[in-house]
1. Mind checking the full-extension length gain between residue 343 and residue 329? Use 0.36 nm per residue of separation minus the Cα-Cα distance, one decimal, nm.
2. Using a 10 Å cut-off on Cβ atoms, rank the peptides 339-349, 99-109 from the highest mean neighbour count down.
3. Can you order the peptides 266-277, 287-298 by their average number of other Cβ atoms within 10 Å per residue, highest first?
4. Arrange the peptides 49-60, 317-328, 166-177 so that the one whose residues have, on average, the most other Cβ atoms within 10 Å appears first.
5. Round to the nearest 0.05 the FRET efficiency obtained for residue 69 and residue 314 when R0 = 45 Å and r is the Cβ-Cβ distance.
6. Residues of the range 78-140: accessible area per residue at 1.4 Å, in Å²?
7. Expressed as a whole percentage, what fraction of the accessible surface of the range 267-364 belongs to carbon and sulfur atoms when a 1.4 Å probe is rolled over the protein heavy atoms?
8. From Cα coordinates alone, what are the radius of gyration and Dmax values for the range 225-355 in angstrom?
Amino acid sequence: MTSIFQSAVDVLKNRQLGVSVEATDCSWKGAYYSLILLEKILHQFHGLCLAGHLEDMWETICELLLHPHVWLRGVLNRLVAFYFASVYQADRANHEKSLGTFFLMTPSRLFLVAVSLCCQLKALLMDGAASTLITQNLASTICALHSFFVPNELVGGDSTWSTLEHHEQSRFLEAFQVLDSLKGRSMFASLTSGYDNQIAEENGDCHSLLVYYLLKRMGKIALQTEAVQMKIIFNVFELISPKIINPVSSQIGDVRGYAYQLLLPLYKVCEGYAGKVISDDMKKLAQEALECIRDTLGMNNFAPIYTRIRKNLKEKRDRRKHREKLMPVVNPMRNAKRKRRIADKNRANNKRKVVTMKIIKWRH
């Protein structure tokens, strides 16, 4: 199994590097059936899941989470969910053993798993079972990452970063590049070089900038993808908010840092700032998640954050309108291209509406 999994990982890396892999397009089949076999073995022999000699296999499984084939992703997500369930069951049975001692429960591996799941959200999902698994796994990884860091002990500070080994730092770098191919290195550099003042002003004193970056990326994905992914992300926000937000904490920055990133996409959906048509069901789901966060925060903490979001979005919209007014004078060529692009978009929308009306009329 290890050999088959590693072959699938090599094919995946070659594909990411742009190497032609037409001859090995069916390589996923061996990995898929091996994963099914491994899943059945683990369900029969529960003790094997956390066994030390399977750690290399779990490492390879985490790398395969980025595989594009939907069948592979389905069984991989089931295995990761089974691992988390086994860890928490073992933790309840033996309180003396720390969660960080389990193989996949280190911050770098948790962050890489969470980033891989965020990448999966960019692809269409097949069914409700896959959505439920991603929701559970994302909630588990984010809550576990949050629990690793006490207030003001950031992954950029000397107290935390200096304790990480070189291979863990390399794993963090890989995860950040997957999370954002353009800004991944700069985000990683802000962590390793210390606490950035700009991030501090925007974020408050969050427990972990890792969680902050994940929530920020998930909020963007929710507004850029379809209703299925938006539903998953809003469900994750509703699940994790009572666990990562502590309104009783004296560290008010922690509360505001996470809450802003949680509330921002919810506000955009509820108030019509999403930039696309949102169904009533999605608005209702966003409103429920927003109310859950409000109840967790308390109205005294919730109101200033909500007001700040409204103010920031209004300023951003005003700046954009001001630039659009100046564009015909400053850059007429760009303004002409913009008008042409809008006209083409409107023409395509009108054509689609006409075709839809004809189909409806033909059916009736």
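1. Working: separation 14, 0.36 × 14 = 5.04 nm, distance 2.02 nm.
The residue 343-residue 329 span can extend by a further 3.0 nm.
2. My ranking of the peptides, most packed first, is 99-109, 339-349.
3. Peptide ranking by packing, descending: 287-298, 266-277.
4. On the way: 49-60: 14.9, 317-328: 11.1, 166-177: 16.6.
By packing density, highest mean first, the sequence is 166-177, 49-60, 317-328.
5. 0.55
6. 41
7. Numbers: 4240 of 7860 Å².
It is 54 percent, rounded to a whole number.
8. Over the range 225-355's Cα set, Rg and Dmax evaluate to 19.0, 59 Å.
The values are calculated or read from the model by the stated rules, or taken from the named source; none is laboratory data. What you are looking at is a predicted structure, and each value in this text was computed from that prediction instead of being measured. Using ideal geometry, Cβ is built from the backbone for each residue, glycine included, and neighbour counts are taken over all protein chains shown. Note: areas computed on protein heavy atoms with side chains; ligands, DNA, RNA excluded. Shrake-Rupley method; radii C 1.70, N 1.55, O 1.52, S 1.80 Å.
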